[in-house]
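The values are calculated or read from the model by the stated rules, or taken from the named source; none is laboratory data. Keep in mind the model is a prediction, meaning the values are calculated, not measured. A quick note on method: Cβ atoms are made from the backbone with ideal geometry, for glycine too, and the neighbour counts reach across all protein chains shown. For accessibility, only protein heavy atoms count, side chains too; no ligands or nucleic acids. Shrake-Rupley method; radii C 1.70, N 1.55, O 1.52, S 1.80 Å.
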Amino acid sequence: MAAGDFSAAASYANVIAAYDSLFDPSVIEKDEQACITTAQNVLPFQGSRLREEFNAQGKCIGRKVYWDNFGSFDVDYSGTSFDDTVTCLVPDGTEGEAFSKIYEANVYNYKVARWNDQDCDNEYQGAMMSARRINDAMKACRKDLCAKVATFLETNAQTNGWADSAGSVVGTVTQFNAAEFNMNLVHTMRLIAIKNETSNYRFLNGTNFWEIAQAAQFGVSDQSVGDRNVLANFPMAWDVWLDDALDGFYSFIFDPSRIAFTNVTKYLSDTPTLVHNGTNGEQIYTWRMADPILQWRSIDVNGNIALTPVYYDVEYKKKCVGRSARGEFLYTHDFGVYFEGMLDTAPNYQGGGLTRILQFEKV
């Protein structure tokens, strides 16, 4: 049996065992230059409860969400005494308008990696080569997905609508100078979030506050103790690659429950399925694999919540490309890893189109 041949279950089991051996959960490496922390502050806390929508042919065309827009929250009557025009009847209410939206997949990426039979000597090494190529392709897709999550926050940031806001509001970004970036600014940014009705928020930084936080954690001065208390009460997350991805020194305060994310795969089996067996020595297998790092919060239409791994479609092509000097068949082994999903903001509601994503910049 040639290395990388998935016609036997044992061969694939060897590849998966080799793949798993690449990761030690206690010291798992966060991908180089990937905004892993940003994705981990969005995907596991997203708030969409989506229903699959099918066409007449039974093909899933997207995910649908329903909501009501009641227009105004102002009271119908306000006075110092009871409204005596209300007698035995309950007055007619203002009917909320029903809306729905179908979310379609809008995030795609893929990477194909290869190895050749002549690159290894035995089946064990072939299994390791397969595992490494799958991992290489998955890392590339993960890095791209994390970058898309970061740019999503920037693209969908809303204007700071608080009239008395500190700092300078430039478009959708509230700017502060470097001297203002101290622990006291944390309270100001929280107040801006409250005034913009951003609740249940997460506080995400690139390198803003980084040195202050390190000094607070490891310093010995009275000021460090005070900063440490602020950090303990208002925890922040740091993504040291965020500034590189967005080309600036940025912080975000956002409500992840107003972000919608879903992940779909074309293939449902977790083990390879032969889908093509050509007469020219070419074989194609398909299956899906879970990301060992990223998870997302899945909420079904009944409200059941689960943390679900991000899944990728994997396609493996084995192709005969000739013979060795001894007459043995030589094969190439191509592994394509594909991501498909959806990342969007929640539908508009009372107040209109506010994403509850606030962006801050150190200038």
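Some values worked out for this structure:
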item	result
Tabulated pairs, the stretch 250-274, first among the charged types (D, E, K, R), second open to solvent by 10 Å² or more (accessible area, probe 1.4 Å), C-beta under 6 angstrom, 6+ apart or interchain	Asp255/Asn200; Asp255/Tyr201; Arg258/Ala346
Qualifying positions in the stretch 238-262 - outside any loop (DSSP other than H, G, I, E, B), open to solvent by 20 Å² or more (accessible area, probe 1.4 Å) and touching a Ser or Thr at 6+ places or on another chain (Cβ under 8 Å)	Trp238, Ala245, Arg258
Leu153 being without any contact (Cβ under 8 Å) to a residue 60 or more places away in the chain and either farther than 30 Å from Thr38 by Cβ or of a type in the set (A, V, I, L, M) (or both)	no
Residue within the stretch 327-343 that is touching a residue at least 40 places away in the same chain (Cβ under 8 Å) and under 30 Å from Leu191 (Cα atoms) present	yes
Matching residues, the stretch 168-187, being open to solvent by 40 Å² or more (accessible area, probe 1.4 Å) and closer than 25 Å to Leu231 by Cα	Ser168, Gln175, Asn177, Ala178, Ala179, Glu180, Asn182, Asn184, His187
The stretch 274-292 - residue that is more than 27 Å from the chain's Cα centre (by Cα) and closer than 25 Å to Leu145 by Cβ and, of those, least open to solvent (accessible area, probe 1.4 Å)	Tyr285
Counted residues, the stretch 39-58 - those being assigned to a loop (DSSP other than H, G, I, E, B) and within 26 Å of Gln295 (Cβ to Cβ)	7
Unmet criterion (only one of (1) buried (at least 16 other Cβ atoms within 10 Å of the Cβ); (2) in contact with an Asp or Glu (Cβ under 9 Å, 6 or more places away or on another chain)) for Val149	(2)
